[in-house]
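Asks: There's a structure below that I have some questions on.
Values quoted throughout were computed directly from the atomic coordinates according to the rules given, and no laboratory measurement underlies them. What you see is a predicted model, and the numbers here were worked out from it, not measured in a lab. Reconstructed Cβ throughout: ideal geometry from the backbone, glycine too, with neighbour counts over all protein chains shown.
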Amino acid sequence: MNKRISLKDIAQKVGVSTALVSYVLNNKKLDRISKDVAQKIKETALELNYTINHIARSLKTRKTFTIGLIVADISNCFSSTLARIIEDEAENNNYTVLFGSSDENPSKSLKLMTLLLNHQVDGLIIAPSENSISQIQLLQEKQIPFVLVDRYFPQLKTNYIAINNYGAAYAITKHLVDMGYKRIGLITYQSELFNLQERKRGYLAALSEHLLPINNAYLKEIKNENTKEEVVMAIKELLTQGEPADSLLFASNTLSTFGLMYLNTLPLKVPDDIGVASFDESNAAQLFYAPLTYIKQPLIDMGKLATKILLESIDDTNKITQVNLESELIIGKSTAKKELTS
């Protein structure tokens, strides 16, 4: 049986201390170590076919150095970008990420959560689905480290990182009002999720404070069952009522993706005939002829902070950190009035 290569073997071959080898292979104190020496240690470890003894490491630290990530839909550019940032930040801290998509289904979310915990992850980062509050309460009861990202439940005292959705929705609606739009249609989800409720509240507050009437005919809430078809129907209704909407605000990038695809089939020009704005930039927006006005969420900060908060929570489960970041309004040609486009 071949002898398992140890840190001491690498240290002896390179001519350095075992502690220095440990620092390099665990990405610690690299700013204090010569890059040439660090590179030599890594090359020697590869040459000797060194592998980390995860079982021994776990027994010593009582950690598996893995974290679980549950997002709504990994195919969505918001979720996939966030997941990649978290993965990179975890790697910088010697952690591996296991992840899956809940598809906004609380049953699937619970199944994923159970699977990840059975794999003994040290903690969880979760974008919770609607009606999953009992799952979050269970994590609290079991004192499992976790942080909620993008969404949270205000009635629960938990770690979370999110944006000021009310302020963002207010800002983008105010921008539409400032551009001269008076009949602003909001297409959102029929959901009790706090982030979506706050977006609706910000939209309504901006209309009210700028003396525009609140008309429920301009507020379309879809059920997220046949999203594409429901978005098309919502736009048709907004454009064919007595006083048609003169602008559309989509509450998510998925909604705007389907919305822009449909608008592209109509004999309407953006922004000459109708203004368009959205939360997050959609994939379709990058190909759309009128650059989109949208709310840009600070994904890098969200991902890095979510990872940092979780790792701190793993070491101290009593610590609660709650962060609401500000977003950025990116103004494109899709909300310029016809007389302003010349």
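Asks: Enumerate the residues in the stretch 124-148 having an amide nitrogen under 14 Å from the point lying 7 Å beyond the Cα of GLU312 toward its Cβ.
Replies: 146-148
Asks: Let me ask you something else. Looking at the chain, which longest stretch skips every one of the GluC sites (Glu not before Pro) that is in a DSSP loop with at most 13 other Cβ atoms within 10 Å, leaving the sites themselves out?
Replies: That gives 1-191 as the longest site-free run.
Asks: So who's got an amide H within less than 5 Å of the one on ILE222, skipping anything under 5 residues away but keeping other chains? H placed 1.01 Å off N, in plane.
Replies: Amide H neighbours of ILE222: THR188, TYR189, GLN190.
Asks: Between ASN164 and ILE33, what is the FRET efficiency for a Förster distance of 41 Å, r being their Cβ-Cβ separation, to the nearest 0.05?
Replies: The computed FRET efficiency comes out at 0.50.
Asks: Explain nothing, just compute: Karplus ³J(HN,Hα) = 6.51 cos²θ - 1.76 cosθ + 1.60, θ = phi - 60°, for every residue of the stretch 246-251 in order, whole Hz, x for Gly and Pro.
Replies: Ordered by residue, 3J(HN,Hα) equals 9, 7, 10, 10, 9, 7 Hz.
Asks: Express the C-alpha Rg of the chain as a ratio against the empirical globular expectation 2.2 N^0.38 Å, rounded to two decimals.
Replies: Rg over 2.2 N^0.38 Å, computed on Cα atoms: 1.22.
Asks: Report Rg(Cα)/(2.2 N^0.38 Å) for the stretch 7-51, keeping two decimals.
Replies: Taking N as the residue count of the stretch 7-51, the ratio is 0.98.
Asks: Now for a separate question. Kindly provide the trypsin sites (Lys or Arg not before Pro) of the stretch 115-217 that DSSP labels as loop, not H, G, I, E or B, and whose Cβ sees at most 11 other Cβ atoms within 10 Å.
Replies: LYS142, LYS157
Asks: Which of the trypsin sites (Lys or Arg not before Pro) across the stretch 219-258 are loop residues per DSSP, with 14 or fewer other Cβ within 10 Å?
Replies: LYS223
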